[in-house]
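Here's the structure we're looking at; comments come further down.
The values are calculated or read from the model by the stated rules, or taken from the named source; none is laboratory data. If you're wondering where the values come from, they're calculated on a predicted model, not measured in any experiment. In this analysis, Cβ positions are derived from the backbone assuming ideal geometry, glycine residues included, and neighbour counts consider all displayed protein chains. Side chains are part of the model used for accessible areas, which takes the heavy atoms of the whole protein and leaves out ligands, DNA and RNA. Shrake-Rupley method; radii C 1.70, N 1.55, O 1.52, S 1.80 Å.
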Amino acid sequence: MLATVDPHATARKSVLQRTQDPDTIATGQTGRWWKGLSAKGPKLQGGALVEALAPGLQGLHLLGKSMSNYRSFLGSKPSAQNHQPPRKPRMSTLVIGALTAISVLLGALSGGLGGALIVLALAAAATGLYVLVTGRRSWAFLPAKRKSGAIALAVSCALMIAGGLTVNPADRVELESAAAAAAAADSGPSATPTPSTPTSAGATPSSTPSPTDSGAPLDPETSAALAQGVTAVAPNTQPAFATKAVDLLALLPIKGRAPKTGYDRANFGQAWMDVDRNGCDTRNDILKRDLTDIVFANSVPCKVASGTLADPYTATTISFLRGQSTSTAVQIDHVVALSDAWQKGAQQLNEEQRTAFANDPLNLQAADGPTNMKKGDGDAATWLPPNKGYRCEYVARQISVKATYSLWVTQAEHDAMAGILADCEGQLVPTDQVAPVPATAEPAPAPAPEPAPAPAPAPEPAPAPAVVPAAPAPAPAPAPEPAPAAPAAVYFQNCTAARAAGAAPLYAGQAGYRAEMDRDKDGVACE
């Protein structure tokens, strides 16, 4: 018996196969095939037509839905005939990116690799925080997901830790201006931050640098004097007059740097004490010594209100004006930093000796504020004045201070000092010792006068007076020899010349002393 073939079932099977064929769906030929089937194939009616078309319509629906999602995520459907270029970055992206790069470069110049990492960490933190809070894309093309912001914050923490471990502590203050620019760079996608320009060592100093790590207040209103019976005296006298720096350097011990454990500014006494009990704190004493054109704050010649500093560190002229935001333009530098001294022998000194060290004019120099901050607690191996013409005197001063307070030098520091002094072997160390006065030879005692001979007896008178011839006139006494000329007066043009000659300080009555060089009129010039 022959089986009967259902033409409707055959048509439904054919439609189902063609509508589910991936090639047919991908090329969009389903519609064209159905038109051909309608024209040539068997006519499908009623439920059979709906049943035959259902799988094809479902496939088209899924395809259209996937293409809709594709457009929403990637922007547009790729097509060989209609290719669209990628979207160009916005102007704010370029501006903020350039400012961030400049900030990182400034951080690298100021603090090396550690400085660059710190600035980069701040920029990453600002960017991550923006994405985390707003959920929007940032200038750095982070995806618009809060998870991306959290990852950026974690990366910024890692960069900050790495930078903190590698940056020099003396350079951290210098990174503030560069870091501020980086932190403000990503305040928003359309923000336009303003970069900050750090002050170079040789330029006009900033009016608002931060104080140094010494912790010393600027221009204190009151000063504390030493207690009665307490004296702040160095453990040794200063070097002998006309001592060469290279010879004294050879006598300094060479040891390794001791740990900084226990260091505190209070270990060196209260900052800027009145150790000489003249009524003025040490800072104002040094300002009076190193500034010119001084104007005092009141009738008492103590608090310096303004003046002019010929800064030896930068070879620039700085105008000083006393004030909360301007006094930092001129700072008092400890030539041998307190922290450096603590690690090289000052721990063995007593409190009075450390107080003397912190207030000794030999160890103090008025200087450009930003330059002093850049020095930090560096020694000769890590920092020297930008003014190369002052380096010999600067190193000689450090050697004199370390010899006076029984401090040592590291091998690297010794080698750096020796390298500087190689170009000025005749450099003398500054000292308060004066040249010895040569002893004057006592005059030989005059010989005792010989006794006068006894007078001869008078002759008997002659009977007739004889004519006595006139006695010849006495020969004229020889002219006295001229007295030797007085020695030429010693003259120094200024205190710098006196120090270079090794004659400073000059005392009243001593050769070379002039009242114009004695600013505080205490009888000691160039002290």
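The largest accessible area among 334, 414 belongs to the first residue in 414, 334, and the rest follow in falling order (1.4 Å probe, all chains). When 330, 300, 230 are compared by accessible area of protein heavy atoms, the largest-first order is 300, 230, 330, using a 1.4 Å probe. Between residue 293 and residue 493, the contour length at 0.36 nm per residue exceeds the Cα-Cα span by 70.3 nm. Modelled spin labels at residue 347 and residue 147, positioned 7 Å past Cα toward Cβ, are 5.2 nm from each other.
Across the range 312-320, computed HN-Hα scalar couplings (Karplus, 6.51 cos²θ - 1.76 cosθ + 1.60, θ = phi - 60°) run x, 6, 10, 6, 10, 9, 10, 8, 9 Hz from first to last residue, x flagging Gly and Pro.
Only Lys, Arg, Asp and Glu carry charge here, each on its Cβ (+1 for the first two, -1 for the last two); on that basis the range 225-299 has a dipole of about 360 debye about its Cα centre.
Calculate, for residue 437 and residue 411, the FRET efficiency according to 1/(1 + (r/R0)^6) with r their C-beta to C-beta distance and R0 51 Å; round to the nearest 0.05.
It comes to 0.80.
Site pair residue 324 and residue 522 shows an inter-label distance of 3.2 nm when each label is modelled 7 Å from Cα along Cα→Cβ.
Cross-link check: pairs 255/374; 260/288; 344/374; 244/344 evaluated at a Cα-Cα cut-off of 30 Å; pairs beyond the cut-off: 260/288. Note on the range 250-379: Rg/Rh from C-alpha atoms, Kirkwood Rh, equals 1.00.
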